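Encoded as structure tokens, the structure appears first; notes follow it.
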Amino acid sequence: MLAAGRDMAAPSAALRQRRAAAGGGGPEPPGRAAAAAAAGGGLVPPVTPGTFWLTRIVLLRAVALLYRECPGAPAGQRCFSFLLSPGSRGKVVAFLVAYHQNKQLIGEKGLLPCKLYLQSVKKYFKGKINLDALSYAPTIIWFLDWSDMDSILDNISVVGLATSAFVLVTGCANMVLMAVLWVLYLSLVNVGQIWYSFGWESQLLETGFLAIFLCPLWTLSRLPRSTPPSSIVIWGFRWLIFRIMLGAGLIKIRGDRCWRELTCMDYHYEVLLIISGNLSFLNWLTIVPSIACFDDLSLGFLFSSRRGGVKDRVVQMQARQAAGEQPPLGYGRCIRQVVNISFGLLIAYLSVPVVLNLLSSRQVMNTSFNPLRIVNSYGAFGSITKERTEVILQGTSSPDPNDPAAVWEEYDFKCKPGDLKRRPCFITPYHYRLDWLMWFAAFQTYEQNEWIIHLAGKLLAQEEETLSLMATNPFAGRAPPRWIRGEHFKYKFSRPGGTHAGEGKWWIRKRIGAYFPPVNLQGLKKFYEDRSWPYPVRD
């Protein structure tokens, strides 16, 4: 078998003699031999290192996956398998979150209406939509009709869903499609206010901006021979993941002393974040730029070895390149090289304040130094809370909220702790923005989070859109509550095998005190008027 293998792998002596006699002048060039082998039967020869054709396909699909929810796949491993599945179906996570939650958060009757925000920005710049206003809040919504803001938000989300789903399913993308995705998401982030104020939004925008230049201009071919993956863009992704990791490390060393004492992990990972955390989107997002650290040889195992497939075509292209064949240096290719060099210079220029921030002892994490959020500073968990506190919203039908006999019933949120017997949710990679902000509100005051009083008013009116953000409505099918209050509790996990766990309780909680006093709709009327918020009306 070994002898037969050698005979099949190399030309026989007689064949070599005939080639020499015919004036072949020596052995076949290695590139041409590989191309001939690739054209024959059997398995596809292995991919050689140093090229990034397959890397580009995986990167583009991963960028699309950033916005994708995997139905029936709570764990991210199954999501990742869709990277290479042309028949995969599903929804797009970031735009899906926007579609399901933006109307309730920043829509016409949202908790922080984006129309009011844009009007305040416009007023600040003397009532004009000029370059200063555009620079302060870059969004295409400036140029649209604001009379139906809910439709605008929905349409942006739907176009983003459709575009990113196309890239994910086909693995095909060009600069135009990726630029559309970037502009659409930039437009949402810059009107999203506190709901879109976290580092992963800037990280997603920077990742999406890099993906624009990873693609050819027009063609939708997965392997456009005239537009090989730019090494400058590949290094742009590597520069991104380097800054993410370095920034996260430095902010920890300079921040909470428990990181230096190696005790932060006692509190940081009470539940695996990438599976159950409401911030797991950040974990998956951080994985994406690291893909650029792997070449075609490293990622070849993700692709089929069948003849005529993408991997086979890459092998043939590598063989032709090894044989000295190069695509013609035409006008378009020259322009592309100029674009790539200009892109590299832009990234280098915008990186200057980011590097200075990293070197500073007063490092600021998750900050953008340009309005388009192209190059940003990153960092996470610079300080760790040692206790988990939660705000629990309760309603009562009692006419007197101070009556000791009043029955207070609790609202549960989609994912954050509430009901002691409800297990932690497995959410990856979806994200509930209201639940996330409720966590931050718990270690601040309601005066610092006026939207939570707005939320209470909408629950008092039983507005359907707002109730869609909640897991339960204790007053469903009956009259709305007369009063809503916020209670402050400290939560911790029950001990496995302990008394509470034996009662089916995942959590143990202890009341800290009142978070905000009981409020009713009539008492909130002036509060709404002062902020130009629409007065809640029962649907």
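Structure above, values below:
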quantity	calculated
Extreme residue, most open to solvent (accessible area, probe 1.4 Å), among residues of region 158-204 that are in contact with a strand residue (DSSP E or B) (Cβ under 9 Å, 6 or more places away or on another chain) and of a type outside the set (Gly, Ala, Ser)	161
First in region 427-447 and over 24 Å from residue 285 (Cβ atoms) and in a loop (DSSP other than H, G, I, E, B), second anywhere and open to solvent by 30 Å² or more (accessible area, probe 1.4 Å) and of a type in the set (A, V, I, L, M, F, W, C), Cβ under 8 Å, 6 or more apart	none
Any hit, region 251-273, residues being within 19 Å of the chain's Cα centre (by Cα), in contact (Cβ under 8 Å) with a residue 60 or more places away in the chain and at negative phi	no
Members of region 405-447 that are surrounded by fewer than 15 Cβ atoms within 10 Å (Cβ to Cβ), of a type in the set (Phe, Trp, Tyr) and closer than 17 Å to residue 533 by Cβ	none
Criterion violated by residue 214 - all others in (1) within 16 Å of residue 372 (Cβ to Cβ); (2) aliphatic (A, V, I, L, M); (3) crowded, with 23+ Cβ neighbours inside 10 Å satisfied	(1)
Criterion: open to solvent by less than 70 Å² (accessible area, probe 1.4 Å) and among the hydrophobic types (A, V, I, L, M, F, W, C) - qualifying residue of 352, 315, 338	315
Candidate set: region 448-477, residues that are without any contact (Cβ under 8 Å) to a residue 12 or more places away in the chain and surrounded by fewer than 18 Cβ atoms within 10 Å (Cβ to Cβ); chosen: the one farthest from residue 513 (Cα to Cα)	477
Within region 135-157, considering residues that are touching a residue at least 40 places away in the same chain (Cβ under 8 Å) and open to solvent by 40 Å² or more (accessible area, probe 1.4 Å), the one nearest to the chain's Cα centre (by Cα)	140
Failed criterion for residue 417 (all others in (1) more than 30 Å from residue 284 (Cα to Cα); (2) outside any helix (DSSP H, G or I); (3) in contact (Cβ under 8 Å) with a residue 12 or more places away in the chain hold)	(1)
Test set (1) touching a residue at least 40 places away in the same chain (Cβ under 8 Å); (2) under 25 Å from residue 204 (Cα atoms); (3) touching a Leu at 6+ places or on another chain (Cβ under 7 Å) - residue 286 fails condition number	(3)
Matching residues in region 224-243 - criterion: being touching a Pro at 6+ places or on another chain (Cβ under 6 Å) and either over 22 Å from residue 313 (Cβ atoms) or at pLDDT 95 or above (or both)	237, 240, 241
Residue within region 222-230 that is surrounded by fewer than 19 Cβ atoms within 10 Å (Cβ to Cβ) and either among the hydroxyl-bearing types (Ser, Thr, Tyr) or within 16 Å of residue 288 (Cα to Cα) (or both) present	yes
Scan of region 376-393 for residues that are closer than 15 Å to residue 419 by Cα and open to solvent by less than 10 Å² (accessible area, probe 1.4 Å), ordered by number	390, 391, 392, 393
In region 313-360, residue modelled with the lowest pLDDT [restricted to those that are under 19 Å from residue 222 (Cα atoms) and charged (D, E, K, R)]	333
Selection count where residues are buried (at least 16 other Cβ atoms within 10 Å of the Cβ) and either among the β-branched types (Val, Ile, Thr) or on the phi > 0 side of the Ramachandran plot (or both), scope region 291-312	2
Among (1) within 23 Å of residue 282 (Cα to Cα); (2) touching a helix residue (DSSP H, G or I) at 6+ places or on another chain (Cβ under 8 Å), the one test that residue 466 misses	(1)
Single unsatisfied condition, residue 261 versus (1) closer than 30 Å to residue 494 by Cα; (2) surrounded by 14 or more Cβ atoms within 10 Å (Cβ to Cβ)	(2)
Odd one out for residue 271 among (1) under 21 Å from residue 159 (Cβ atoms); (2) in a loop (DSSP other than H, G, I, E, B); (3) hydrophobic (A, V, I, L, M, F, W, C)	(1)
Filter result for residue 221 (closer than 22 Å to residue 245 by Cα and modelled with pLDDT under 95)	no
Criterion violated by residue 266 - all others in (1) crowded, with 20+ Cβ neighbours inside 10 Å; (2) part of a helix (DSSP H, G or I) satisfied	(1)
Residue list for region 375-405, restricted to those being part of a loop (DSSP other than H, G, I, E, B), in contact (Cβ under 8 Å) with a residue 40 or more places away in the chain and among the aliphatic types (A, V, I, L, M)	375, 380, 384
Tally, over region 394-404, of residues that are of a type in the set (D, E, K, R) and either over 23 Å from residue 527 (Cβ atoms) or crowded, with 20+ Cβ neighbours inside 10 Å (or both)	1
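The values are calculated or read from the model by the stated rules, or taken from the named source; none is laboratory data. Everything numeric in this text was worked out from a predicted model, so none of it was measured. Backbone-built Cβ (ideal geometry, glycine too); neighbour counts: all protein chains shown. Just so you know, the surface numbers come from the protein's heavy atoms only, side chains and all, with ligands and any DNA or RNA stripped out. Shrake-Rupley method; radii C 1.70, N 1.55, O 1.52, S 1.80 Å.
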